[in-house]
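One structure below.
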Amino acid sequence: QVHVVESGGGLVQPGGSLRLSCAASGSIFRIDAMGWYRQAPGKQRELVATVTRGSSTNYADSVKGRFTISRDNAKNTVYLQMNSLEPEDTAVYYCNAEILPYGSRWAVSWGQGTQVTVSS
């Protein structure tokens, strides 16, 4: 089966940085778009950034200029570099990926989430 796992979350002071990683593994034929989403306390899950297989990116206005999404297709991994973090960035961050497994149909896979807390 296909697994998607995030890592890299933690506690950071305002203005600090974190780098999140998300690796997909299993019987994968192809991965198209990958993305990061987050869910803050009391809010619905929102899109943070996405990247296509060809490395075209888009960002939520709230993170543009501070966050950078990238991917390594050979490693089936997507990254989120987060700089100038603010308390408002505190959330559980989730990775997703559009994956075509061997012998199956296209599906969107989600990771379990990783906690990012920005606090002084």
Requested in this report: For region 80-91, enumerate the residues that are over 10 Å from the mean Cα position of the chain (by Cα) and part of a strand (DSSP E or B).
Outcome: Met82, Ala91
Report task. Return the total of residues in region 108-118 being open to solvent by 60 Å² or more (accessible area, probe 1.4 Å), farther than 16 Å from Thr50 by Cβ and either free of Cβ contacts under 8 Å to residues at least 24 places away in the same chain or part of a strand (DSSP E or B) (or both). Result -> 1
Report summary line: Flagged pairs (Cβ under 6 angstrom, 6 or more apart or on separate chains; first in region 91-107, touching a residue at least 12 places away in the same chain (Cβ under 8 Å) and over 27 Å from Val63 (Cα atoms); second part of a strand (DSSP E or B) and open to solvent by 40 Å² or more (accessible area, probe 1.4 Å)) are Leu100/Phe29; Leu100/Arg30; Tyr102/Phe29
Query raised in the report: Hey, Thr50 hits all of (1) surrounded by fewer than 17 Cβ atoms within 10 Å (Cβ to Cβ); (2) not in a loop (DSSP other than H, G, I, E, B) but one; which does it fall short on?
Result: (1)
Report task. Answer with yes or no whether Arg71 is of a type in the set (D, E, K, R), within 17 Å of Tyr94 (Cβ to Cβ) and part of a strand (DSSP E or B). Result -> yes
Report summary line: Scanning region 50-64 residue by residue, those of a type in the set (D, E, K, R) and either farther than 20 Å from Trp110 by Cα or out of contact with any strand residue (DSSP E or B) (no Cβ under 8 Å at 6 or more places or on another chain) (or both) turn out to be Asp61, Lys64
Query raised in the report: (1) in a strand (DSSP E or B); (2) open to solvent by 30 Å² or more (accessible area, probe 1.4 Å); (3) of a type in the set (Lys, Arg): which one isn't true of Arg38, the others all being true?
Result: (2)
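The values are calculated or read from the model by the stated rules, or taken from the named source; none is laboratory data. Only a predicted model underlies this, so the values are computations on that prediction, with no experimental measurement involved. Using ideal geometry, Cβ is built from the backbone for each residue, glycine included, and neighbour counts are taken over all protein chains shown. In case anyone asks, the SASA skips ligands and DNA or RNA and just uses the protein heavy atoms, side chains included. Shrake-Rupley method; radii C 1.70, N 1.55, O 1.52, S 1.80 Å.
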